[in-house]
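Quick notes on the structure that follows.
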Amino acid sequence: MRMRKVLTILGAAACLALLSPSSAQMGVTIGGAKSDADSHKSGGCHGPFCIGVDGKTVEKVLTPADKPAKDAPSAAPSPQGASTQICVYKFNDLNGNGHRDFGEPPLGGWIFTLSSANFGPVPLIATGSGGGSCFTTVFPAGSYTATETAQSGWLATTPGGQSQTFALTPGQNIDLFFGNRQLQTTLPGVVCITKYNDLNGNGVRDSGEPALSGWLFTVKNSAGAIVDFGTTNAQGQFCTTHPLSAGTATASEAAQTGWVSTDPGGTIPTKSLTVVAGATTYVVFGNRIPPPPQTGQICVAKFNDLNADGIRNSGEPLLAGWQFTIAGPSGPLTLTTAANGTACTPVSLTLGSYVVTEVTQSGWISTAPGGTSPHRTVTVLLGPSTNNLMFGNAHTVPGQICVDKYWDQNRNNQFDSGEPLLPGWTFTVRNGSGVVVGTGVTDAQGRYCTAPGLALGTYDVTETPQPWWVSTDPQGPPMASPPWHKAVTVVATHVAEVRFGNIKSGRLCVLKYNDLNGNGQQDPGEPPLAGWSFRTRYTNATSAAEDTITTDANGLACIDLPPGANQQIDEIQQPGWGSTDPVGIPFGSGHFWTYKIYTIVAGQTTKVSIGNRLGGPVSGHVCIVKYNDVNRNAVFDPGEWKLSGWHITVKTASGTTVGTLVTTTGAPACMDLPVGSYVATETMQFGWRNSDPPGVSPQKSFTIGSGQSVNLVFGNYQIPLP
């Protein structure tokens, strides 16, 4: 009689299911193949023993050598006891410490056998690409040994070597980890050092920079032990002759009087390097004889800061005829800028700190560095150096504010080239006390300016809204309510400029009604509701904002808004009322979130109806949270965190799928449901076990009542590493 195996490989793990010899066959318990009939139905193989790989099935017939001995009834597990899973995980123990550390990869293609005093060895196929393989069947209690088949060039590192023995009780799940590392045969490496004269001191050997002989170097291994030392030859080179193992090493230079290290620098110049087996590692060291010390100088540049921003921008000219005083070790000195706007001291300043002060001129104000006595402090250091200092000034002008009004056609909240200016818009200017100091209308160029002579200080500029326009600069509804205004500061250096941008708007009108029969639509005789407030939510590429509107005696509330799709109106809940149009989404205890999505079109009115009735909604809600049950007690405890990306399928009691929720680490995953009974089922993920609820197919049943919110939690924990 021929015997066959049924094997199913799932992703990275491969599992072999075994039954007792008395069953006259071995069947799969993972993957769903339970019998010949089931295999025929699923389109898989239909013999009593199959191997399935990546969804394909082939039939494998065991040779006589593979069969259990006929005279050994204990050669396979007894069917007594609970279902048990024994999984083996194989990894590359790169550092050989006997534990799987972060970054150590799994190993596929390793063969394992399982043996016990109760039966002979049971073979398991090679581990998959994920390094895992499992025995899944009914095993009796007792002592078992899992053994790996050795492979050439590998050394077992985990305790127990190639075998691990363990005690098993019925229903117990066992995870075993086997580590191996590759044996390597390496040749010693060589380090060659080149010493050069870094004439320009840039830390790089440039063309023409000569080699240096007679420099002593020491080479140490990763443990700090000296492996070799010697001096550079006439070609400036020293190479090790003693064996040097592969890995990290250091090369250190012995300093010589009168020389300064530039490559790598420091008083004991040292470089770290990597020695490669059988190869030569090259490294260079550079030194130079430092030049004699020199004194430094200070140069100043004076510019006309046309926009008074304290920075010299393109097109801002330099200024001649400005005087500076210099105090310090070589002072006092006086400089005057030439026609090119600059002035420099002689290259003879001694080392130390200097203060350079500008002599102010009437009609000008300092912008860089600013202040009534503009000055900068500078330190002259050892060596040839020039310290360049910038001083900026701007003309003083009478205080004035000018406003430019533009059509923000691309809605990016700023004025862009080509966007038209808008005439006929009214603006009001108030000082810090709220007193109106100017009002006017933009001209044909879209500009309005106050009269000159405003006192220095902060002012408020306010735009008068116009129908079917909405502000974008500053952002208007739903970012802010009219009047739309900006603060501007009047300074002595330039006219204060400010811009206001608008776009063509659409209009949103919300109708609030009493849905007396709770059918989610306004029927004849159902009255409007006054005094209900709503928040309009608008999102564009740069902002997300809101504004509040309230219904009048006719149940209407209207607002002009920027054009766009997927805008949102939220109802502000009132006690004793439940939303029916639309049905509210529950949050918190006894609270519902009611909103609708709408689109605003420029020049058009969008109407939205929202209905409520006393007594609440006629449907309910379910919300689900997925958590990491770290302590495996099937309770969502403090300190345990939410898990995202888990799929929960909701079905009716009759088995009809209603929908699928995907969990997040933030708010619960929720859906509206009619009154009735439901079942929520979790989709398992590889590497996790369910604890809340337990069982092969984790699911929870629940019932939705009118206006009821049901909250469910599902808990899982990860299979631990050794």
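The values are calculated or read from the model by the stated rules, or taken from the named source; none is laboratory data. These numbers were taken from a predicted model, which means no experiment stands behind them. All Cβ positions, even for glycine, are placed from backbone atoms using ideal geometry, and neighbour counts span all protein chains on display.
Give the stretch 471-484 a look and list any residue that's at pLDDT 50 or above and within 14 Å of residue 549 (Cβ to Cβ), or say none.
Narrowing the stretch 471-484 to residues at pLDDT 50 or above: 471-477, 481-484.
Scanning the stretch 471-484 gives 476, 477, 481, 482.
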Among (1) surrounded by 15 or more Cβ atoms within 10 Å (Cβ to Cβ); (2) farther than 26 Å from residue 286 by Cβ; (3) without any contact (Cβ under 8 Å) to a residue 40 or more places away in the chain, which single condition is residue 161 missing?
-> (1)
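Which residues, counting only those in the stretch 535-562, are basic (Lys, Arg) and modelled with pLDDT of 85 or more?
In the first step, residues of the stretch 535-562 are kept if they are basic (Lys, Arg); the result is 535, 537.
Hit for the stretch 535-562 is 535, nothing else.
Yes or no: residue 610 touching a Pro at 6+ places or on another chain (Cβ under 9 Å), in the same structural domain as residue 520 (by TED's automatic domain parsing) and at pLDDT 90 or above?
Working: touching a Pro at 6+ places or on another chain (Cβ under 9 Å): yes; in the same structural domain as residue 520 (by TED's automatic domain parsing): yes; at pLDDT 90 or above: yes.
So residue 610 passes the test.
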Being assigned to a loop (DSSP other than H, G, I, E, B), among the polar types (S, T, N, Q), out of contact with any Asp or Glu (no Cβ under 8 Å at 6 or more places or on another chain) and at pLDDT 85 or above narrows 151, 164 down to just 151
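This table checks each residue for (1) more than 16 Å from residue 643 (Cβ to Cβ); (2) under 34 Å from the mean Cα position of the chain (by Cα); (3) not acidic (Asp, Glu).
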| position | (1), (2), (3) |
| --- | --- |
| 670 | yes, yes, yes |
| 677 | yes, no, yes |
| 692 | no, yes, no |
| 705 | yes, no, yes |
Hey, does the stretch 245-264 have a residue that's in contact (Cβ under 8 Å) with a residue 60 or more places away in the chain, closer than 16 Å to residue 288 by Cβ, surrounded by 16 or more Cβ atoms within 10 Å (Cβ to Cβ) and touching a Gly at 6+ places or on another chain (Cβ under 6 Å)?
-> yes
Sort through 136, 185, 194 and tell me the only one that's of a type in the set (Ser, Thr, Tyr) and modelled with pLDDT of 75 or more.
-> 194
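Determine, yes or no, whether residue 489 is over 41 Å from the mean Cα position of the chain (by Cα), surrounded by fewer than 18 Cβ atoms within 10 Å (Cβ to Cβ) and hydroxyl-bearing (Ser, Thr, Tyr).
Numbers: over 41 Å from the mean Cα position of the chain (by Cα): no; surrounded by fewer than 18 Cβ atoms within 10 Å (Cβ to Cβ): yes; hydroxyl-bearing (Ser, Thr, Tyr): yes.
No; evaluated as a whole, the condition is false for this residue.
Got at least one residue in the stretch 377-399 being assigned to a loop (DSSP other than H, G, I, E, B) and modelled with pLDDT of 90 or more? Quick ask: steps written out before the conclusion?
If we filter the stretch 377-399 for residues that are assigned to a loop (DSSP other than H, G, I, E, B), which is where we start, we get 381-385, 396-398.
In the following step, the residues that additionally are modelled with pLDDT of 90 or more were identified as none.
Looking through the stretch 377-399, none of the residues is assigned to a loop (DSSP other than H, G, I, E, B) and modelled with pLDDT of 90 or more.
Please verify whether residue 612 is part of a strand (DSSP E or B), without any contact (Cβ under 8 Å) to a residue 40 or more places away in the chain and surrounded by 13 or more Cβ atoms within 10 Å (Cβ to Cβ), treating the condition exactly as stated.
On the way: part of a strand (DSSP E or B): yes; without any contact (Cβ under 8 Å) to a residue 40 or more places away in the chain: no; surrounded by 13 or more Cβ atoms within 10 Å (Cβ to Cβ): yes.
In short, no.
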Considering (1) crowded, with 18+ Cβ neighbours inside 10 Å; (2) of a type outside the set (D, E, K, R); (3) in a loop (DSSP other than H, G, I, E, B), say which one residue 714 fails and leave the rest.
-> (3)
Of the numbered conditions (1) closer than 17 Å to residue 628 by Cα; (2) among the small types (Gly, Ala, Ser); (3) assigned to a strand (DSSP E or B), residue 667 satisfies every one except a single condition; which is it?
-> (3)
With respect to the numbered conditions (1) assigned to a loop (DSSP other than H, G, I, E, B); (2) more than 30 Å from residue 198 (Cβ to Cβ); (3) more than 43 Å from the chain's Cα centre (by Cα); (4) among the aliphatic types (A, V, I, L, M), which one is the sole condition not fulfilled by residue 255?
-> (2)
Conditions (1) crowded, with 16+ Cβ neighbours inside 10 Å; (2) not in a loop (DSSP other than H, G, I, E, B) -> residue 353 fails only (1)
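Filter the stretch 639-664 for residues that are of a type in the set (Gly, Ala, Ser) and either exposed (fewer than 11 other Cβ atoms within 10 Å of the Cβ) or in a strand (DSSP E or B) (or both) and give the result. Even if it seems obvious, please write down each step before you answer.
At the first step, the residues of the stretch 639-664 found to be of a type in the set (Gly, Ala, Ser) are 639, 644-645, 653-655, 659.
Answer for the stretch 639-664, where residues must be of a type in the set (Gly, Ala, Ser) and either exposed (fewer than 11 other Cβ atoms within 10 Å of the Cβ) or in a strand (DSSP E or B) (or both): 639, 645, 654, 655, 659.
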